Amino acid sequence: MLPLQELIHRLEEGAGRRWILMTMGILVAITMVTVYDTREFRNLGTVEGMDAAQLARNLADGKGYTTDFVRPVSMWLLKQKATDGGTKAPGPDVYRLRGAHPDLANPPVYPLLLAAWMKVIPFHHPIASPTGFWIYQPDLMIAFLNQLCFLGAAVLVYFLGRRVFDPSVGWVSAIVFFCTEEFWRYSVSGLPTLLMLVIFLGTILMLVRLEEGVRGEQKGPGWVLMMAGLAGLLIGLGALTRYSFGWLILPVVGYLLLFLGPQRILAAVVAVVVFLAVLSPWVARNYSVSGTLFGIGGYALAADAGVSSRKVEASLDPSEDLKKFGFQGVRIKLVSNLTTIVRDELPKLGGSWVTGLFLAGLLIPFRSQTLGRLRVLVLMCLAVLMVVQALGKTHLSSEGSQQSSENVLALATPVVFIFGVGMFFILLEQLRLTTVQGRLLVIVAFVVLVSAPMILTLLPPRTVPHVYPPYYPPVIQQTSGWVAENELMMSDIPEAVAWYGRRHCVGFTWDLEKHFYEINDFHRPIAALYLTPVTMDGKLLSQMLGPETRAWGLFLLESLIRREVHARFPLRVAAPGFFPDRLSDQLFLTDRERWAGRSR
């Protein structure tokens, strides 16, 4: 048994102190998660989050990489591939929605991680009591997984800050990052952003260690090439989480070429080769299924560059619209979105003014070569991410105030925080505080001030955990339950019908006369049409009565005025309590009465 004095020493200075700090950190993290989820949790409110969740559930259920959320444009891609021929081309049953529909929108890493999580953690999908509904349990379980990634990212921020500055900067940077309200919102969004943060921070740590090993001549060529290969592996995994992440291979290669001395060329080649080796099998899969390298994601560049991304996604044949895509549209999109990024987003990354300290710190030379070189890497990453975000922006980034994984600038935010906190400590030294208590008081005041948005968010009133409009899980499950599992629905929230309702659902088509009837008559009969405030509260002139959506607009107006559905439309039976049976912001039409007397 250890003497009391030695035990006290170990608790104060040795390994015991680390265990105490680790235990306190875990308890604080659990408390934060509990408080935030109790007060601010909301059911999934992003298209990407629900899309990934339903895809992961299919994987967990053994259905393969198939989706219940069918975008009309994916039907077009599969048809193009089938008509082009080839032994591996999908048959007509696939693009006609008569078989399992392969997913062409999501890279595989995040859905696979979610599927593994669903295998480990019990997910209860049916809503037991719609009248007393408050939180959808599977959404909360997904939030827990992302919050584990959040905690892992905070730990990596600590280790990176400690390595390039000192333990004080590491601790404060991790606390500032963990108390940033924007990342807590990502944690309950269902998006892969926090997983990408873990991958990005792991890559940065690896590159820092690689540069230090080469500069100190402590490591041999084999170790250097192994580390370069691991960096390429991580960037490849990030690209398989979100395709735009893959562009970070450019600053990684630039960093290797600039700072790795005689081995720089070989290390850069190894990183690129490993990156391509990781990415290639999935790209080959996409090409064999759809004839495109990145599926639907490949059209992000064309989105809003002379082409409406929403229209392309909702069209059974967007070829005429895609012909409008050209250099002029890309140039306008790049300049317009870059202007917004530089003016509004870059100065306040993460919603924190710590970014201002980072920008001010750009004028200060560092004695540490590691810091100077890491700053160059961060600036290269920021430059690449700004261009990627500007060119990859689609309608997903402009749908309300929800988070979007298209905000790739968020990936650089934790490293920016580390430099900002480092700048704070440099300024703190100028105060020449003579007491430890005074120094600690200033640090605490800094952390509280930076964390003020998070603190204010947790104050009353409590957030209602329903992202309505348009998502209310009980109603979505109720309406989906009126349709058999082997039948097809159409909705303006197909991602929610697929996730909450567990039904095959095709996205609301852009054109009624052409696309709706083509799907219904030649592909697969549509058993029900479910519309929400996304459409019902849309702008009448600009959206519903536009030159190409006019047929849908007139259909809804006629239904409103006459309180009945047009005789030609195949779905003429309205559910009780829904429009047009009753004035409502939701519409549910089907071919026959399916609810057996039940009402909304």
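The values are calculated or read from the model by the stated rules, or taken from the named source; none is laboratory data. Being a predicted model, the structure only gives us computed values, none of them experimental. Note that each Cβ is placed from the backbone with ideal geometry, even for glycine, and that neighbours are counted across all protein chains shown. Accessible surface is based on the protein model in full, side chains and every heavy atom, while ligands, DNA and RNA are left aside. Shrake-Rupley method; radii C 1.70, N 1.55, O 1.52, S 1.80 Å.
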Sort out which residues of the stretch 273-319 are within 23 Å of V388 (Cβ to Cβ), more than 22 Å from the chain's Cα centre (by Cα), part of a helix (DSSP H, G or I) and among the β-branched types (V, I, T), and write them in order of number. V273, V274
The stretch 541-588, residues that are modelled with pLDDT under 70, polar (S, T, N, Q) and in a loop (DSSP other than H, G, I, E, B): T549
(1) farther than 26 Å from K311 by Cα; (2) not in a loop (DSSP other than H, G, I, E, B) all hold for E518 apart from (1)
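Please go through the stretch 275-310 and pick out each residue that is open to solvent by 40 Å² or more (accessible area, probe 1.4 Å) and not small (G, A, S). Working first, answer last.
Narrowing the stretch 275-310 to residues open to solvent by 40 Å² or more (accessible area, probe 1.4 Å): 276-277, 280-281, 284-285, 287, 293-294, 298-299, 301, 304, 306, 308, 310.
L276, P281, R285, Y287, L293, F294, Y299, L301, D304, R310 - these are the residues of the stretch 275-310 that are open to solvent by 40 Å² or more (accessible area, probe 1.4 Å) and not small (G, A, S).
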In the stretch 45-84, anything closer than 19 Å to H504 by Cβ and part of a loop (DSSP other than H, G, I, E, B) is listed as D61, G62, K63, G64, Y65, T67, D68, R71
Out of all the residues in the stretch 254-265, is one or more modelled with pLDDT of 95 or more and closer than 17 Å to P107 by Cα? no
If you check every pair at least six apart or on different chains, which have Cβ atoms under 6 Å apart with a residue in the stretch 126-137 that is under 18 Å from R502 (Cβ atoms) first and a residue that is surrounded by fewer than 12 Cβ atoms within 10 Å (Cβ to Cβ) second? Q137/H124
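Mind checking which helices (runs of 4 or more DSSP H) fall wholly inside the stretch 421-502 and carry at least 3 residues that are of a type outside the set (A, V, I, L, M)? Show your work before the answer.
On the way: elements: 436-450, 452-457, 473-481, 494-500.
Those helices (runs of 4 or more DSSP H) span 436-450, 473-481, 494-500.
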Of all residues in the stretch 358-374, count the ones that are open to solvent by 30 Å² or more (accessible area, probe 1.4 Å) and either among the aliphatic types (A, V, I, L, M) or out of contact with any helix residue (DSSP H, G or I) (no Cβ under 6 Å at 6 or more places or on another chain) (or both). 9
Residue check: is V47 touching a helix residue (DSSP H, G or I) at 6+ places or on another chain (Cβ under 6 Å), open to solvent by 10 Å² or more (accessible area, probe 1.4 Å) and at pLDDT below 95? yes
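For the stretch 320-396, which fully contained helices (runs of 4 or more DSSP H) count at least 1 residues that are touching a residue at least 24 places away in the same chain (Cβ under 8 Å) and among the charged types (D, E, K, R)? I'd like the intermediate steps shown before the answer.
Values: elements: 327-340, 354-361, 369-392.
It comes to 327-340, 369-392.
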Any residue that is of a type in the set (D, E) and surrounded by fewer than 20 Cβ atoms within 10 Å (Cβ to Cβ) - is there at least one of those in the stretch 485-495? yes
